[in-house]
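Here the structure comes first, spelled out in structure tokens, and everything after it is commentary.
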Amino acid sequence: MRYVIVGAGPAGVVAAETLRGRDAGGEIALIGDEPGEPYARMAIPYVLTGKIGESGARLRKTKDHYRALGIRTVPGRAARLDRGKKELALADGTKLTFDSLLIATGAHAIKPPVPGLDLPGVHHCWTMADARAIAKRASKGAEVVLVGAGFIGCIILESLVERGVKLSVVESESRMLPKMMDEAGGEMIARWCAAKGVKVLTATRLKGVAQGKGERLAVTLDPGGTVPADLVVIATGVKANTDFLAGSNLKLEDGVRVDDRLCADGNSIYAAGDCAQGPDFSGGFMVHAIQPTAAEHGRIAAVNMTGGDARYKGSLIMNVLDTAGLISASFGHWERGEEARALDAKAFRYVKLAFDGDRLAGALTIGLTDHVGAIRGLIQTRAALGGWKAKLMRDPTRVAEAFVASSCAPRAQARGTS
Amino acid sequence: MMMSLHIDPAKCTGCLQCELACSYDNEGVFNPSKSRIKVFNFHDEGRFVPYTCTQCAEAWCLQACPVDAISVDLKTGAKVVSDSLCVGCKVCTIACPFGTVNYNASTGKVLKCDLCGGDPECAKACPTQAITYVDANWTGLERMRTWAAKTDSGPRATH
């Protein structure tokens with residue numbers, strides 16, 4: 001079998017390893033369009049703070065990992081897919097034929113349609129090359145405008161604060177983290193950031209960037225007028241890398257639409273990770289651009305590419321964030337259904353649970369770091385809360401207890417009565 | 001012989017010796033908040049439940065780690081965090097559906113049970129044998145695995 005994986009992020013790498021584990025003799029080509037060994041974008045903020053070196057961001061740490069597994073790494077960028085010939089053409093003209101293809105091309109950062117974003121000193125924070133460019137300008141005391149206070153913007157925020165820059169964050173929506181947090185949560189995080197010296201400008205639009213004096217930039221905001229900056233970081237969203245599939249007749253929506261086997265054509269073409277619109281745990285098909293989903297997608301796609309029949313029960317959207325020391329997390333559908341809230345504004349603590357009947361469907365947390373994964377456990381097992389529903393309505397901070405009680409109760413009771 | 005922690009909540013008196021032993025041995029402080037085992041106290045039922053990582057076969061934490069900082073200790077089967085590789089991104093803390101990986105803000109790394117390399121301090125400290133370290137076949141591991149399977153978002157790739 002000839003397997004081609006296009007994209008060397010977490011989904012592609014996990015898939016390649018899984019393929020090798022299930023097919024000792026197959027040919028595996030792993031195509032990546034960035035120089036160096038496959039790395040985790042998620043680790044870039046920690047490269048920026050100096051907590052790790054660039055090698056610390058590598059997905060796999062053992063020397064010659066890919067060669068030892070017989071995975072051929074191919075530098076290049078996918079340009080066109082010929083489904084009839086089962087052939088993938090790369091931008092440099094190389095053609096690779098396959099029996100089974102995995103599309104794991106991830107996403108790219110997008111820019112708002114305003115002038116001046118090609119000027120030197122305006123960068124995304126998406127690739128290692130972006131991180132190097134940012135590091136050059138984000139020195140202590142530098143004035144930095146970060147555009148976008150979504151999840152990715154907020155991850156970068158942490159690094160920029162640690163580097164000691166004078167930071168302004170611009171968000172067009174009325175609160176920070178408009179998708180990951182509700183109003184109370186977004187407000188709490190904004191208040192925390194402001195206390196750490198970050199200028200938080202919500203309901204503010206970037207109108208454009210122009211060359212200022214010397215190497216400096218002039219950033220025009222609405223409202224707010226024009227402010228000087230040494231660096232502008234654009235974190236206004238990402239889009240799936242599917243352009244090379246134009247004309248392939250694969251179903252493209254927010255990403256490559258796949259079934260519960262992660263298959264895109266019912267036959268030999270699969271998609272995984274940030275470019276794949278796969279089953280959502282809560283129903284429907286969504287792009288969930290998060291690390292756990294990428295790893296699960298990669299593993300399940302590879303099982304199916306090697307003749308298995310693994311069905312994905314769907315990804316649960318969840319995120320965890322550290323904004324200058326304040327830790328927040330979100331799980332599932334926290335925005336609808338019956339809810340319970342506990343908010344301590346002074347202590348910067350917040351827990352909100354959302355229920356579907358007597359099951360937990362979603363949650364938001366701020367300032368909670370112990371046993372937070374139990375929330376995933378409760379949602380994903382669709383555990384009936386029984387008497388714990390009323391307890392959680394009264395005190396939602398007891399969510400980990402509810403999980404332990406529901407997972408350990410039968411045994412303890414059985415023992416108690418024997 | 002593969003060993004594992006066997007927890008019998010019915011024998012737990014809530015003395016918290018396990019939490020103290022764990023935090024002291026692993027973090028050098030007697031501080032339950034830094035313990036990798038936690039005794040849940042269900043006041044209204046008069047019941048205590050010691051709770052820690054089951055070293056589950058799915059290894060959600062290991063699978064979710066973006067930088068390969070969690071690996072399997074071949075001697076004990078424990079999923080072990082490498083402090084030198086962990087970047088503190090916390091993805092494992094939300095990915096573990098048991099909630100048994102916690103973030104330690106004072107080190108910027110995550111904490112989870114590593115079975116103390118095969119000689120768990122919590123089991124040694126427990127005066128009532130609510131926590132014992134025994135042949136894995138004798139524990140409630142299968143039951144916990146059933147629980148884990150319910151949360152499985154897809155069949156695990158078998159190598």
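The values are calculated or read from the model by the stated rules, or taken from the named source; none is laboratory data. Not measured: the values here are computed from a predicted model. No Cβ is skipped: glycine too gets one built from the backbone with ideal geometry, and neighbour counts run over all protein chains shown. Surface areas here come from the heavy atoms of the whole protein model, side chains and all, with no ligands, DNA or RNA. Shrake-Rupley method; radii C 1.70, N 1.55, O 1.52, S 1.80 Å.
What tally of residues in region A:22-78 results from selecting those that are in a loop (DSSP other than H, G, I, E, B) and closer than 29 Å to B:Gly88 by Cα?
Count: 18.
Select, from A:Gly84, A:Gly141, A:Gly36, the only residue that is at pLDDT below 95, away from chain B (no Cβ under 14 Å) and surrounded by fewer than 20 Cβ atoms within 10 Å (Cβ to Cβ).
A:Gly36
Any idea which residue in region B:30-47 is surrounded by the most Cβ atoms within 10 Å (Cβ to Cβ), counting only those that are within 9 Å of another protein chain (Cβ to nearest Cβ) and under 18 Å from the mean Cα position of the chain (by Cα)? Spell out how you get there, then give the answer.
Going through region B:30-47, the residues within 9 Å of another protein chain (Cβ to nearest Cβ) turn out to be B:33, B:38, B:40-42, B:44-45, B:47.
Narrowing further to those that are under 18 Å from the mean Cα position of the chain (by Cα): B:33, B:38, B:40-41.
Details: B:Ser33: 14, B:Lys38: 23, B:Phe40: 20, B:Asn41: 14.
So, considering only residues that are within 9 Å of another protein chain (Cβ to nearest Cβ) and under 18 Å from the mean Cα position of the chain (by Cα), the one surrounded by the most Cβ atoms within 10 Å (Cβ to Cβ) is B:Lys38.
Take the residues in region A:196-231 that are part of a loop (DSSP other than H, G, I, E, B) and of a type in the set (D, E, K, R), then tell me which one is farthest from A:Lys140 (Cα to Cα).
Step one: of region A:196-231, the residues part of a loop (DSSP other than H, G, I, E, B) are A:196-198, A:202-204, A:212-216, A:223-224, A:230.
Subsequent filtering for residues that are of a type in the set (D, E, K, R) retains A:196, A:213, A:215-216, A:230.
Details: A:Lys196: 15, A:Lys213: 19, A:Glu215: 16, A:Arg216: 15, A:Asp230: 11 Å.
Among residues in region A:196-231 that are part of a loop (DSSP other than H, G, I, E, B) and of a type in the set (D, E, K, R), the one farthest from A:Lys140 (Cα to Cα) is A:Lys213.
Could you grab me the full set of residues in region B:55-65 that are buried (at least 23 other Cβ atoms within 10 Å of the Cβ) and either among the acidic types (Asp, Glu) or within 12 Å of chain A (Cβ to nearest Cβ) (or both)?
B:Trp60, B:Cys61, B:Ala64, B:Cys65
Residues that are exposed (fewer than 15 other Cβ atoms within 10 Å of the Cβ): list the strands (runs of 3 or more DSSP E) wholly contained in region A:302-349 that include at least 1 such residues.
Here the list reads A:338-344.
List the pairs whose first member sits in region A:58-76 and is farther than 14 Å from A:Tyr39 by Cα and modelled with pLDDT of 95 or more, whose second member is buried (at least 16 other Cβ atoms within 10 Å of the Cβ) and hydroxyl-bearing (Ser, Thr, Tyr), and whose Cβ atoms are under 8 Å apart, counting only residues at least 6 apart or on separate chains?
Going by the 8 Å Cβ cut-off, the qualifying pairs are A:Arg72/A:Tyr66.
Please count how many residues of region A:277-301 are within 17 Å of the chain's Cα centre (by Cα) and either in a strand (DSSP E or B) or of a type in the set (A, V, I, L, M) (or both).
Total satisfying the criteria: 11.
Exactly one of these conditions fails for A:His124: (1) surrounded by 18 or more Cβ atoms within 10 Å (Cβ to Cβ); (2) over 22 Å from A:Ala218 (Cβ atoms). Give me its number.
Of (1) surrounded by 18 or more Cβ atoms within 10 Å (Cβ to Cβ); (2) over 22 Å from A:Ala218 (Cβ atoms), only one is false for A:His124: (2).
Would you point out the residue of region A:87-121, among those that are closer than 23 Å to A:Val258 by Cβ and among the hydroxyl-bearing types (Ser, Thr, Tyr), that is least open to solvent (accessible area, probe 1.4 Å)?
A:Ser100
For region A:238-286, which residues satisfy the criterion of being aliphatic (A, V, I, L, M), open to solvent by 50 Å² or more (accessible area, probe 1.4 Å) and more than 17 Å from A:Ile317 (Cβ to Cβ)? Talk me through it step by step, then tell me what you get.
Going residue by residue through region A:238-286, those that are aliphatic (A, V, I, L, M) are A:238, A:240, A:245-246, A:250, A:252, A:256, A:258, A:262, A:264, A:269, A:271-272, A:276, A:286.
Right, trim to open to solvent by 50 Å² or more (accessible area, probe 1.4 Å) and you get A:238, A:246, A:252, A:286.
If the condition is that a residue be aliphatic (A, V, I, L, M), open to solvent by 50 Å² or more (accessible area, probe 1.4 Å) and more than 17 Å from A:Ile317 (Cβ to Cβ), then A:Ala246, A:Leu252 are the ones that fit.
Take the residues in region A:395-407 that are closer than 15 Å to A:Ala342 by Cβ and in contact (Cβ under 8 Å) with a residue 24 or more places away in the chain; name whichever of them is farthest from the chain's Cα centre (by Cα).
Of all residues in region A:395-407, those closer than 15 Å to A:Ala342 by Cβ come to A:395-402.
Pick out the ones that are also in contact (Cβ under 8 Å) with a residue 24 or more places away in the chain and you get A:395-397, A:399-400, A:402.
Numbers: A:Asp395: 30, A:Pro396: 27, A:Thr397: 26, A:Val399: 25, A:Ala400: 25, A:Ala402: 28 Å.
Selected residue: A:Asp395.
Would a scan of region B:66-75 turn up a residue that is more than 10 Å from every other protein chain (Cβ to nearest Cβ), farther than 30 Å from A:Glu37 by Cβ, under 14 Å from the mean Cα position of the chain (by Cα) and at pLDDT 95 or above?
Looking through region B:66-75, none of the residues is more than 10 Å from every other protein chain (Cβ to nearest Cβ), farther than 30 Å from A:Glu37 by Cβ, under 14 Å from the mean Cα position of the chain (by Cα) and at pLDDT 95 or above.
Can you pull out every residue in region A:46-57 that is under 19 Å from the mean Cα position of the chain (by Cα) and under 15 Å from A:Ala129 (Cβ atoms)?
The answer is A:Val47, A:Leu48, A:Ala57.
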